[in-house]
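The values are calculated or read from the model by the stated rules, or taken from the named source; none is laboratory data. The structure presented is a predicted model; accordingly, all values stated were derived computationally and were not measured. Using ideal geometry, Cβ is built from the backbone for each residue, glycine included, and neighbour counts are taken over all protein chains shown. The accessibility values were calculated without ligands, DNA or RNA, using every heavy atom of the protein model including side chains. Shrake-Rupley method; radii C 1.70, N 1.55, O 1.52, S 1.80 Å.
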Amino acid sequence: MKLPKELLNGFVIFIGITAYFLLMNALGYGNSFYWRLVNIFFVFYGVNRTIKMNVEEGQKDFVSNAVSAIVTSLVGVFLSIIGLIVYSYMQGGDEYVQSLSKTFLFGGNPSIFSYSVSLLFEGIASSVIVTMLLMLYWNNRLTTD
């Protein structure tokens, strides 16, 4: 059984982000806000790969490609949030999340749940932005009728 390309590329996004963050933590750059921004390139790669696969298969409808792209990025976001929750509990739970919040955009002492929900909303917003940017890029190759 073949996995749908949206799930496959969403998993590629998740693996890329996971490997990147583990490498950054191993190198001591895990607390750097600017290095954390690089994860958007993994989302661009996975979503672009989905759209490219669709076009190669002859699927050039704008709306179906946009839906496929957003599903891909959301799969990557949801898997990454689940991975963060598991990793946070492995590293000490709320204490670990509070050490992350010092270098992120949170105030106070967030719990794993509040931190994850906030990142989920951020991930959904970035998924929409990435999808729209890539759909603009691919626009001259797709049909709208």
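Quick notes on this one:
- Helices assigned as whole DSSP H runs in the chain whose Cα atoms extend at least 27 Å along their own long axis and whose mean Kyte-Doolittle hydropathy is 0.0 or higher are found at 5-27, 62-90, 112-138.
- Per-residue SASA remark: TRP138, around 20 Å² accessible (1.4 Å probe; ligands, DNA and RNA not included).
- Gaussian network model of the chain, springs between alpha carbon atoms under 10 Å - residue of MET90, MET53, MET24 with greatest fluctuation: MET90
- Report summary: the helix-based calculation at 222 nm, which adds -39500 (n - 2.57) for every DSSP H run with n ≥ 4 and divides by the residues of the chain, gives -25500 deg cm²/dmol.
- Ratio of the Cα radius of gyration of the chain to 2.2 N^0.38 Å, where N counts its residues: 1.14
- The modelled label-to-label distance between LYS60 and ALA26, using points 7 Å beyond Cα along the C-beta direction, is 4.4 nm.
- When VAL63, VAL117 are compared by accessible surface with a 1.4 Å probe, the order from highest to lowest is VAL63, VAL117.
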